[in-house]
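Engineer: There's a structure below that I have some questions on.
The values are calculated or read from the model by the stated rules, or taken from the named source; none is laboratory data. Just so you know, these numbers come straight off a predicted model, no measurement behind them. So basically every Cβ, Gly included, is an ideal-geometry build from the backbone, and we count neighbours across all protein chains shown.
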Amino acid sequence: MRPADRPLAVLPDIPRKRYFAIGEVSELCDVKPHVLRYWEQEFPQLKPVKRRGNRRYYQQDDVQMVRRIRSLLYEQGFTIGGARQRLKESPRGGNGHDIVRTTGTVLAVGKPRPAPTTRSAQIEHLRDELESLLRLFPE
C-alpha cells in the first residue's frame, strides 16, 4: 500500500518524547523526509527547532501538524494551497473539529462549524462530515 493510500487511523501512536529527529517523524507520519522539508517551506505552521548543523528537531505539536497536513493532502484531497487555507481557517486543522486519537481509531469531537449557506459550500461540508465518519469505521 502506498503511503498516500494509508489512512490516518493506522499510523503508530506518537511516543511521549520532547524531540523527534526527521527520520522518526517520517516513520510516525508515513511521509518521506524530503516531503517534510518541502512542507516546512509551504506551511508556516510547521516550524521544527533547528540546532547544530541545521539538524531539525520536531516537537509533539509539529508531529501532530504533520499528521494534519498529511490528512488534508492525502486523505481529503486538498491541494497545497487549499490545505494551507484550511489550516489558516481552523488552527486545529481538518473540518472544524478537534481530532482525538484513540488506539487504532480517530474520533472527531468538539463543536462542529455552522452549516454553510451556499450550495457548493454545503456539499463540501457534507463531504467533510462523511469522510470523518468513514474514518471512524475503517474497512
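Engineer: Would you be able to tell me the number of residues in region 29-45 that are of a type in the set (A, V, I, L, M) and either more than 17 Å from Asp61 (Cα to Cα) or touching a strand residue (DSSP E or B) at 6+ places or on another chain (Cβ under 7 Å) (or both)? Break it down into steps so the answer makes sense when it comes.
Structural biologist: Looking only at region 29-45, we keep the residues that are of a type in the set (A, V, I, L, M), and these are 31, 35-36.
If we keep only those that are either more than 17 Å from Asp61 (Cα to Cα) or touching a strand residue (DSSP E or B) at 6+ places or on another chain (Cβ under 7 Å) (or both) too, we end up with 35.
Going through region 29-45 one residue at a time, the tally reaches 1.
Engineer: Could you give every pair whose Cβ atoms fall below 9 Å, whose first residue belongs to region 40-54 and is in a helix (DSSP H, G or I), and whose second residue is surrounded by 16 or more Cβ atoms within 10 Å (Cβ to Cβ) and of a type in the set (Val, Ile, Thr), counting only separations of at least 6 or pairs across chains?
Structural biologist: If the second residue must be surrounded by 16 or more Cβ atoms within 10 Å (Cβ to Cβ) and of a type in the set (Val, Ile, Thr), the pairs left are Glu42/Ile69.
Engineer: Could you tell me which residue of region 3-25 is modelled with the lowest pLDDT, considering only residues that are under 18 Å from Arg52 (Cα atoms) and part of a loop (DSSP other than H, G, I, E, B)?
Structural biologist: Applying the filter and picking the extreme gives Arg18.
Residue by residue, here is whether (1) at pLDDT 90 or above; (2) under 24 Å from Leu134 (Cβ atoms) holds:
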| residue | (1), (2) |
| --- | --- |
| Leu28 | yes, yes |
| Val49 | yes, no |
| Asn54 | no, no |
| Asp61 | yes, no |
| Met65 | yes, yes |
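Engineer: Only residues that are crowded, with 16+ Cβ neighbours inside 10 Å and part of a loop (DSSP other than H, G, I, E, B): list them for region 26-39, please.
Structural biologist: The answer is Asp30, Val31.
Engineer: For Ala83, work out the one condition from (1) within 12 Å of the chain's Cα centre (by Cα); (2) at pLDDT below 90; (3) small (Gly, Ala, Ser) it doesn't fulfil.
Structural biologist: Among (1) within 12 Å of the chain's Cα centre (by Cα); (2) at pLDDT below 90; (3) small (Gly, Ala, Ser), Ala83 violates only (2).
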